[in-house]
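No value in this document is a laboratory result; all are computed from the given coordinates. A quick note: this is a predicted structure, and the numbers were derived from the prediction, not measured. Virtual Cβ from ideal backbone geometry, glycine too; neighbours counted across all protein chains shown.
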Amino acid sequence: MSGYVKGRPRRAERSSLLNIFIANLLLAATVPTFVVAGTVGFSLYRYLQREIHASSHSLNEAVAMETRRFLNGAESHIAAYSDLLDSELSLTDAGRLIDITREAHPEITRVLVLDPEARLLLTSPAEPGSIGRDFSGLDLALGDKAQGEVAYTRAYLSPFDGTVTVYIGCRGDSNRSVLIELNLESLSLFLLPLRIGQKDRIGIIDEAGRFIAHTSPDYVREQRYETILGPFTADSSARSIELEGMLASVMAIPGTSWRVAYYRDATEVRGVIASLLNIAGLISLVCLIIAVTIGLSIRRSISRVIAHYISDVQAVAEGFYEKEISSPFEEFIPLSQSIGVMGTAVAEREGRLRGALGEREQLLREIHHRVKNNLQIIISLLNLEVSRLPEDADTASFSASIDRIHAMGLIHQILYSQGSLDAVDIGDYSARLISYMSGAYGRPGVRIEQELESIRASLDRALSFGLILNELVTNAFKYGAAERTDAIIRICLRAEGPDVILRVDDDGPGFSEELNPGLTDSLGMTLVRSLADQLSGGVAWESGGAQAGVRATLRFPLEERGI
Amino acid sequence: MFTNGRAAAINGALLTVFAAFALASCAPKPFVIGVPLGLTGLNANVGVHGRNGIQLAAEEINASGGVRGRPLKLMIEDDLDTPEGGLAAAKALEGKGALAFVGHMSSASASLSIGYLSARRLVLISPTVSSTDFSGLDDYFFRIIGPNDAQGAALAAEALRRGYRTASIVYNSINRAYSLKVEEGFKKAFEAGGGRTFPPHAIDASSSYDFKALATLILNENSDTVLCAASAFDLSSLSQALAATSASLPLLGSMWARTPDLMVFGGRTVDGIVLAAGGDSEGPNPELRRFVERYRERYGEEPVFSALYGYEAMRVLALAMAEARTLDGPGIKAALLARTTFPGIQGDIDFDRYGDTERPYFLFEVRAGRFVRIR
């Protein structure tokens with residue numbers, strides 16, 4: 001498989017020592033807290049849940065017993081009324097006695113006496129218009145009951161006043177039946193003080209699930225049904241459920257098919273649990289905040305020390321080997337010692353290298369000096385040779401060669417006389433060379449204007465540049481200025497981006513249309529083209545025709561271009 | 001030792017647990033449905049059964065995911081079966097944020113609130129308001145039951161079929177919007193069939209009303225039968241009063257009286273009474289059978305007509321809410337009118353462009369304390 005990976009290279013994964021430290025610190029601080037708080041909270045919740053159900057059961061038991069007591073009163077009265085009817089008293093007299101006792105008992109709304117055909121014989125209080133009314137529509141199965149045994153009906157609307165009621169019936173010796181219309185409003189009022197909490201509700205439910213009594217009497221008036229506990233079955237005599245924000249529990253009332261349901265506000269009941277859980281949550285939160293604060297504080301203090309330490313190490317890296325690296329952390333001492341040892345070793349090695357480098361530079365400088373001297377000797381020899389030539393001999397090519405050698409020698413002279421050996425300021429070099437050439441070719445009336453930037457170039461490029469400059473300036477003197485006394489030669493050297501631009505202008509006669517300096521095969525021009533190629537550059541000539549002068553422009557990159 | 005990533009993962013898991021606890025407490029907000037009904041007084045049986053049917057439907061709808069993912073919440077208010085009570089209940093429920101209404105079981109209780117709710121562009125679907133006073137109006141009132149004059153016509157046809165030629169008439173003056181339309185339908189059909197009716201007697205449905213005096217007046221008319229367009233309490237009390245005179249006069253009752261209270265209040269005296277009513281709980285529709293079973297299981301007794309219509313009304317509203325483009329009165333009204341047919345447990349429900357329906361009435365006779373369908 002290729003080692004190539006397409007797309008952006010993935011950054012090497014690095015971990016932050018501080019982040020790892022802080023993350024672990026937070027985990028160490030929070031996880032145990034949450035676990036402990038959660039366990040304690042859950043245990044408390046379970047415990048209190050059991051306690052709540054137990055207390056609801058007890059409450060139900062108490063309410064069921066109290067309701068039974070309420071009904072016992074009515075049942076004892078119906079038995080007494082039945083005895084009255086079985087006595088020798090007339091129906092009218094029995095009715096008067098019933099009136100007297102009934103008025104003292106608010107749980108009884110009305111007392112009805114029915115004949116064996118379920119027709120109304122007597123009411124207390126009196127309802128004269130109703131006498132003879134057929135009550136056979138009530139599902140009071142007294143025929144199945146023994147004499148004196150009571151039976152309850154389901155909830156009905158009373159035909160006398162339209163209120164919801166339940167009849168308790170009892171058959172006497174004479175087969176006449178006594179019915180009591182229970183005052184369900186009073187049963188509801190009876191339940192009211194049995195509540196523990198103000199938001200608690202108590203209901204008495206018949207076997208169909210309809211409310212017989214309720215701490216909110218509208219439940220009875222509107223014939224509402226129990227909706228939280230669901231339908232009742234024979235075995236649902238005691239059950240508990242939590243729904244719709246209520247904790248409900250139910251219990252059978254002895255001797256009836258009714259059940260008492262106690263509803264407690266779940267929020268109120270769970271107030272204790274909620275506050276305990278809140279405290280546990282608060283503790284967890286406080287622990288979390290403390291852990292975060294401590295973590296951040298530690299992070300800040302450690303960061304400061306590490307930043308100081310890194311700064312010291314950077315100073316050593318930058319050459320301050322003698323700097324002592326100290327840290328308040330024990331763990332960093334071996335590292336500090338190692339860096340100290342490393343610094344010392346590097347300092348010693350650098351000293352040795354500097355010494356070797358100085359020796360090498362001295363040697364190079366000596367070589368440049370000797371090269372310059374040798375070139376000077378060559379110039380002297382050539383001059384001697386020229387002086388021995390006949391007077392009419394052409395010495396121009398000697399002069400040109402001498403100039404070229406001088407141009408080269410000047411480079412070496414600059415190199416051995418300056419501090420660094422790796423580069424030459426070609427601006428300074430150009431000034432010196434132009435000065436030399438003005439001395440050699442100049443005449444009064446020839447003005448040289450130069451604009452030279454300081455540009456540092458390598459030895460190789462400076463040598464080629466110097467020879468080209470020599471040729472161009474020589475041409476300017478020889479052909480541009482010629483024999484004139486008002487000539488101007490302008491030399492401009494500047495950097496333009498990565499390139500160096502050398503421009504040599506004269507205001508001479510220019511070159512004729514037939515002459516193309518770029519193609520001429522004179523030694524000077526050939527040399528210029530060849531050297532410009534070496535520099536990866538080029539030379540351009542411009543001439544505006546007669547008396548418009550010549551402009552030669554050399555452009556080359558300052559740095560040698562790679563292959 | 002934990003790495004950086006693992007520690008972050010554990011911290012993330014802890015945060016997720018807390019976020020899950022926080023999100024668990026967010027339940028979808030329910031749609032509030034206003035349910036005004038007559039729940040108290042001598043005629044409460046119709047309203048109580050209607051409420052039970054509506055509750056059963058809402059429980060089923062909520063159990064199957066609610067409407068548009070949100071549950072229905074019923075706000076129930078006693079309208080006392082009176083015009084003023086109906087208006088007060090509608091206002092109270094509007095104040096509680098009801099989006100739409102299902103309720104009013106008597107025409108009296110709906111008589112003021114229909115205009116009030118229509119002015120506020122709130123849809124009201126009544127299970128049993130049958131008065132033709134509200135027919136043919138382009139309002140926000142819809143009903144599941146057919147027009148009540150058809151009840152009178154059905155009873156008149158049965159009276160003529162039994163050979164009755166003269167009829168006394170009794171009507172409930174509190175719910176006159178309903179009872180007078182039954183009386184009109186009866187009179188029109190009875191007289192068209194060759195019968196003759198006496199001027200109607202008004203009763204006020206109170207326990208102090210002198211039914212014995214009324215019985216005497218009727219007996220003096222010497223008619224073949226008596227139409228009682230009134231409640232179960234009224235009809236049973238009249239029946240008791242007539243029975244006390246030992247006179248045997250056949251009674252005809254309207255749908256309002258077709259509740260178990262008729263037998264409770266009337267005992268054996270109501271045997272033989274013929275009533276016109278919709279909502280035959282013994283119909284063959286399997287969905288109806290399932291509803292009856294559930295109703296028995298839930299409330300421990302047989303559903304009466306108002307329970308059936310209440311159940312259907314709630315389901316119709318839920319379906320319209322699910323199909324409405326906008327969940328407001330105009331949107332729900334448009335959805336109700338856009339659909340040609342709504343499925344009901346007693347057969348399809350077809351609204352005309354005024355939100356009225358034409359659904360059949362059946363005839364029942366009380367035999368041995370039970371309603372037996374005769375036609």
Cα centre as origin, Lys/Arg/Asp/Glu Cβ charges: segment A:412-563 dipole, Debye
240
Above 21 angstrom, tally the Cα pairs of segment A:96-178 and express them as a % of all pairs, no decimals.
24
What dipole magnitude, in Debye to the nearest 20, does segment A:316-435 give about its Cα centre under +1 on Lys/Arg Cβ and -1 on Asp/Glu Cβ?
340
I want to check the label-to-label distance for A:Phe398 and A:Arg484. Put each point 7 Å from Cα in the C-beta direction and report it in nm to one decimal.
3.1
Positive-pole candidate from A:Gly169, A:Thr293, A:Ala80, dipole of segment A:15-318, charges at beta carbon:
A:Thr293
Three-way shape label, segment B:149-277, alpha-carbon gyration tensor, a/c 1.5
rounded
Protection proxy ranking, peptides B:309-317, A:383-391, A:472-480, average beta carbon neighbours within 10 Å, highest first
B:309-317, A:472-480, A:383-391
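Can you give the convex hull volume per residue for the Cα atoms of segment B:29-168, as a whole number of Å³?
Given the Cα convex hull of segment B:29-168, per-residue volume reads 134 Å³.
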Hey, if you put +1 on the Cβ of every Lys and Arg and -1 on every Asp and Glu Cβ in the protein assembly as shown, which of A:Tyr156, B:Pro147, A:Phe70 ends up farthest toward the positive end of that dipole?
A:Phe70
Can you give the Rg to Rh ratio for segment A:36-84, taking only C-alpha atoms and Rh from Kirkwood?
1.52
Let me test this: with uniform point scatterers at the alpha carbons of segment A:424-563, what is the Debye-based log₁₀ I(q)/I(0) at q = 0.13, 0.18, 0.20, 0.22 1/Å?
-0.53, -1.01, -1.23, -1.43
Applied in sequence order to segment A:404-409, the curve 6.51 cos²θ - 1.76 cosθ + 1.60 (Karplus, θ = phi - 60°) yields integer Hz couplings, x standing for Gly and Pro, of 5, 5, 5, 4, 5, x
How do B:Thr216, B:Thr340 rank when sorted from fewest to most other Cβ atoms within 10 Å of their own Cβ?
B:Thr340, B:Thr216
Report the extension gain between A:Glu560 and A:Asp83 in nm, rounded to one decimal, defined as 0.36 nm multiplied by the number of residues separating them, less their alpha carbon distance.
158.1 nm
Please report the net charge: other residues with Cβ closer than 12 Å to the Cβ of A:Gly169, K and R +1, D and E -1.
-2
So if the hydrodynamic radius of segment A:321-367 is defined as the Kirkwood radius over C-alpha pairs, what does Stokes-Einstein give as its diffusion coefficient at 10 °C and 1.306 mPa s, in µm² per second?
125
Per residue, how big is the convex hull around the C-alpha atoms of chain B? Give it to me in cubic angstrom, could you?
158
Starting from the eigenvalues of the Cα gyration tensor, five times each then square-rooted, give me the equivalent ellipsoid semi-axes of segment A:15-318, largest first, whole Å.
72, 15, 14
A:Glu361 neighbourhood, Cβ < 14 Å, K/R = +1, D/E = -1, net charge 0
How many angstrom lie between the C-alpha centres of segment A:343-396 and segment B:267-338?
120
Net charge within 12 Å of B:Ile349 by Cβ-Cβ distance, Lys/Arg positive one each and Asp/Glu negative one each, not counting B:Ile349 itself?
-2
Between segment A:43-75 and segment A:173-194, the Cα center-to-center distance that results, in Å
22
Residue farthest toward the positive end of the dipole of segment A:362-557, with Cβ of Lys/Arg at +1 and Asp/Glu at -1: which of A:Phe465, A:Ile378, A:Met525?
A:Ile378
Lys, Arg +1 and Asp, Glu -1 on Cβ, resulting dipole of the protein assembly as shown about Cα centre, debye, nearest 20:
800
How would you rank B:32-42, A:363-373, highest first, on the average number of other Cβ atoms within 10 Å across their residues?
B:32-42, A:363-373
Helix A:333-387 sits off the longest principal axis of the Cα atoms of chain A, rounded to the nearest 10 on a 0 to 90 degree scale, by 30
Base-10 log of normalised Debye intensity for the protein assembly as shown (one unit scatterer per alpha-carbon) at q = 0.04, 0.05, 0.08, 0.09 Å⁻¹
-0.48, -0.56, -0.90, -1.03
For segment B:129-200 and segment A:501-563, distance of Cα centres in Å:
124
Which percent, nearest 5, of DSSP beta bridges in the protein assembly as shown are antiparallel?
70
Could you tell me what percent of the DSSP beta bridges with both partners in chain B are antiparallel, to the nearest 5?
25
